[in-house]
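Quick notes on the structure that follows.
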Amino acid sequence: MTAPVTPSPPVVVELGKRPIIDYVTKDYVGFREGMLAQIPLLLPNWTDRSEADFGVALIELYAYVADILSYYQDRVANEAYLATATQRRSVQELLRLIDYQIDPGLAATAVLHFDVSADVAVSGASLPYRAKTAGVPGEPDRVFEITKAFNLRQRNNGIALLGTLLPAGTSEVQLPSASHALGAGDLIYLEEKAGTPQRTRRSGLSRVVAVRSVAPGTDAVAWLPPLAEP
């Protein structure tokens with residue numbers, strides 16, 4: 001008489017460095033053998049074990065379905081823990097239990113400063129626009145992809161503020177109209193070069209909020225946020 005097959009205990013294995021819960025270690029073969037082993041105990045007169053037997057075919061069908069259900073059970077068990085969850089939705093649902101919401105994923109972004117020899121306008125027909133820049137010494141060049149139409153003005157390469165001291169909190173400066181082509185929405189930063197050897201200090205990024213004429217040939221350019229403490 002064949003002894004009944006007892007189920008294997010739950011197992012936690014590692015795939016690479018990731019723990020994987022395996023509550024049901026049986027597969028199609030294990031379920032089939034387990035059910036066949038019960039036949040002598042429950043139906044001793046059933047002696048045909050050939051694949052052509054209708055009962056054996058039915059057992060194999062049950063074993064096939066049980067194999068699939070075992071996979072589902074393992075997947076559900078894995079998705080129930082942060083350490084083993086593989087689906088973003090599972091992590092979101094788990095974190096909702098502590099009233100925490102994951103922000104949507106965003107692609108990495110960067111701000112590039114272009115120096116151009118002439119005015120350039122890139123329309124939507126030319127997008128995405130790819131710009132190749134020199135990388136960190138010893139590393140390959142970087143390629144950036146621009147997905148919005150943009151305009152580059154030669155006068156905005158660099159706008160001199162000779163002899164002008166801008167204290168922290170400044171959010172406006174007057175410029176000769178012919179020295180710039182700034183407009184509302186443009187990003188700017190201020191750069192100071194001083195000392196021997198020369199050192200360069202840059203402010204954070206600000207956005208131009210208004211450009212208005214204050215006198216013939218003179219514009220007032222306002223930005224936010226104001227200049228921070230150095």
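The values are calculated or read from the model by the stated rules, or taken from the named source; none is laboratory data. In this text, all values refer to a predicted model and were calculated from it rather than measured experimentally. No Cβ is skipped: glycine too gets one built from the backbone with ideal geometry, and neighbour counts run over all protein chains shown.
Please verify whether Ser177 is at pLDDT 90 or above, in contact with a Ser or Thr (Cβ under 9 Å, 6 or more places away or on another chain) and surrounded by 13 or more Cβ atoms within 10 Å (Cβ to Cβ), treating the condition exactly as stated.
For Ser177, the condition - at pLDDT 90 or above, in contact with a Ser or Thr (Cβ under 9 Å, 6 or more places away or on another chain) and surrounded by 13 or more Cβ atoms within 10 Å (Cβ to Cβ) - is met.
Just to be sure I understand the filter: pairs with C-beta atoms under 6 Å, separated by 6 or more residues or on different chains, first member in segment 190-206 and within 25 Å of Ala222 (Cβ to Cβ), second member of a type in the set (Val, Ile, Thr). Which pairs pass?
Within 6 Å, the pairs are Lys193/Thr200; Ser206/Ile188.
Quick one: what pairs do we get from segment 82-98, first residue closer than 18 Å to Tyr72 by Cα, second part of a loop (DSSP other than H, G, I, E, B), C-beta under 8 Å, 6+ apart or different chains?
Hits for this filter: Arg88/Ile102; Ser90/Ala80; Val91/Leu82; Val91/Ala85; Val91/Ile102.
If we only count strands (runs of 3 or more DSSP E) wholly inside segment 189-230, which ones have 2 or more residues that are touching a Ser or Thr at 6+ places or on another chain (Cβ under 8 Å) and of a type outside the set (Gly, Ala, Ser)?
191-194, 218-224
Scan segment 132-149 for residues that are within 16 Å of Ala108 (Cβ to Cβ) and of a type in the set (A, V, I, L, M, F, W, C) and jot them down.
Across segment 132-149, the qualifying residues are Val136, Val143, Phe144, Ile146.
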